[in-house]
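Here the structure is laid out as C-alpha cells; the discussion comes afterwards.
The values are calculated or read from the model by the stated rules, or taken from the named source; none is laboratory data. Values in this document were obtained by computation on a predicted structure and should not be read as measured data. All Cβ positions, even for glycine, are placed from backbone atoms using ideal geometry, and neighbour counts span all protein chains on display. Note: accessible area is taken over every heavy atom of the protein model, side chains too, but ligands, DNA and RNA are not part of it. Shrake-Rupley method; radii C 1.70, N 1.55, O 1.52, S 1.80 Å.
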Amino acid sequence: MTNRDRNYSTEAIVIDRRAYGEADRILIVFTPKYGRLDVIAKGASKTKSRSGPYLDLCSWVTLELATGRDLDVVRSATPVRAFPTLHTDLARFCHASYLVELVKLITQPDEPHRAVFELLSRSLVLLDDGIDPWMVTRHFEMALLNELGYRPQLFKCVGCDDEITAQTNAFSPVLGGLLCPECRELDPHAIPLSVNAQKYLRLLQREGLAAVARVNPSEAERGEIQHALESYARYVADRDLRSLKALHGLTSSP
Ligand SMILES: [Zn+2]
C-alpha cells in the first residue's frame with residue numbers, strides 16, 4: 001500500500017475524528033510528507049489514555065505510528081503547539097473547523113502536499129494568535145484552492161477570455177472565475193461582485209495575507225468576497241460543509 005516503514009514518526013494535524021468501538025478512535029490527520037492519512041488511536045476514548053487529550057480536532061502533534069494491516073496505529077502523540085485560544089473561543093474554533101474540513105474534503109488520501117500542511121498549520125496559529133478570523137479564513141480558501149489546482153481566474157473572463165475591466169462582474173463557482181457582463185448569462189448562479197470586492201480577491205491571490213491586511217473592506221464587500229470564496233470552495237469540495245453551517249449559525253445570531 002505505501003512505502004512507510006513499520007514504525008514511523010510524523011507531524012500531523014487532526015482534521016477529523018470519530019469514535020470506533022468502545023474505546024478507540026479513528027482519526028483523519030494531515031501530514032507534511034504523506035498528506036491525508038486515516039489512523040487508529042486505540043484506547044483514546046479512555047480517561048486514562050496518555051495520547052487521547054492531544055488528539056482533539058485541529059490538534060497539531062507529532063505521532064509515533066506503527067503500520068497496521070488496515071489502518072496505521074498511533075503509539076504515542078505529543079503536542080507540537082497547543083492552541084489554547086482555539087479551544088476556548090467558539091467563533092475561532094468554528095473557523096478552524098472549517099479549515100480542517102476543507103482540507104479533508106479537497107485532498108485525496110496518501111497524496112503529499114507539504115505546502116498545504118504549512119498553510120494549514122500557519123493559519124491555525126494565526127487564528128489562535130487573535131488575527132482577524134475572517135481574513136485568515138479568506139486567505140486560507142484562496143491559497144488552498146490555488147495550491148490544489150483550482151486557482152480562480154480573476155483577470156480574464158472565463159467565458160470570452162477578454163481582459164476583465166473595472167465594473168461589476170460576476171464570479172462563477174462552476175466555471176472557476178469571473179464572467180464579464182456579456183458572458184454573465186453563461187452561469188445564472190454567478191455572484192455579482194463590486195469593483196472593490198474583485199480588487200480584494202485579486203490582491204489576495206497575487207500578494208497574500210500581508211497585502212490584504214492593509215485593506216479594510218466594508219461589511220457589504222466582506223459579504224460579497226466571502227460568498228464568492230465559500231461558494232467556490234463548496235463547489236470544489238462537492239458537498240455542503242458541516243462546519244460552515246455551524247459558522248453561519250454563529251455569525252447570524254445576535
Ligand atoms: Zn466574457
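Excluding ligands, DNA and RNA, what is the solvent-accessible area per residue of the chain at a probe of 1.4 Å, expressed in Å²?
Details: 12770 Å² over 254 residues.
Accessible area per residue: 50 Å².
Solvent-accessible area of the range 184-248 (1.4 angstrom probe, protein heavy atoms only): carbon and sulfur portion equals 49 percent.
Starting from the eigenvalues of the Cα gyration tensor, five times each then square-rooted, give me the equivalent ellipsoid semi-axes of the range 7-81, largest first, whole Å.
17, 14, 11
From the P(r) of the range 56-188, can you give the percent of Cα pairs sitting at distances over 20 Å? Value for the range 56-188: 59 percent of Cα pairs lie more than 20 Å apart.
Provide the FRET efficiency to the nearest 0.05 for the Arg69-Arg151 pair, computing r from the beta carbons and using R0 = 41 Å. Show your work: numbers first, answer last.
Numbers: r = 39 Å, r/R0 = 0.96.
In this case the efficiency is close to 0.55.
Checking every one of the GluC sites (Glu not before Pro) in the range 5-79 against DSSP loop status and a limit of 14 other Cβ atoms within 10 Å picks out Glu22.
Partners of Lys33 within straight-line reach, counting lysines whose Cα lies under 28 Å from its Cα and excluding those fewer than 8 residues away in the same chain: Lys42, Lys104.
Length gained on full extension, Val174 to Asp162: 2.5 nm, using 0.36 nm per residue less the C-alpha separation. To the nearest 10, the accessible area of His87 is 90 Å² with a 1.4 Å probe. Accessible surface for Met135 stands near 20 Å², nearest 10, in the context of the full protein assembly shown (1.4 Å probe). The portion of the accessible surface of the range 7-81 made up by carbon and sulfur, rounded to a whole percent, is 44 (1.4 Å probe; DNA, RNA and ligands excluded).
What order do you get for 145-154, 99-108 when each peptide is scored by the mean count of other beta carbon atoms within 10 Å, highest first? Walk me through the numbers on the way to the answer.
Working: 145-154: 16.8, 99-108: 19.9.
Sorting 145-154, 99-108 by mean packing, highest first, produces 99-108, 145-154.
Within a Cβ distance under 15 Å of Cys183, other residues only, what is the Lys/Arg minus Asp/Glu net charge?
Working: positive: Lys156, Arg184; negative: Asp161, Asp162, Glu163, Glu182, Glu185, Asp187.
So the environment of Cys183 carries a net charge of -4.
Taking Lys and Arg as +1 and Asp and Glu as -1, the other residues whose beta-carbon sits under 14 Å from that of Gly208 total +2.
Considering only Ala190, Gly130, Asn146, and ranking their Cα positions along the charge dipole of the range 108-254 that arises from unit charges at the beta-carbon of Lys, Arg, Asp and Glu, the one farthest toward the positive end is Gly130. The simple spin-label model puts a point 7 Å past each Cα toward its Cβ; for Ala23 and Ala115 those points are separated by 4.4 nm. Largest first, the extents of the alpha carbon coordinates of the chain on the three principal axes equal 62, 43, 30 Å. Modelled spin labels at Ser76 and Ala237, positioned 7 Å past Cα toward Cβ, are 3.5 nm from each other.
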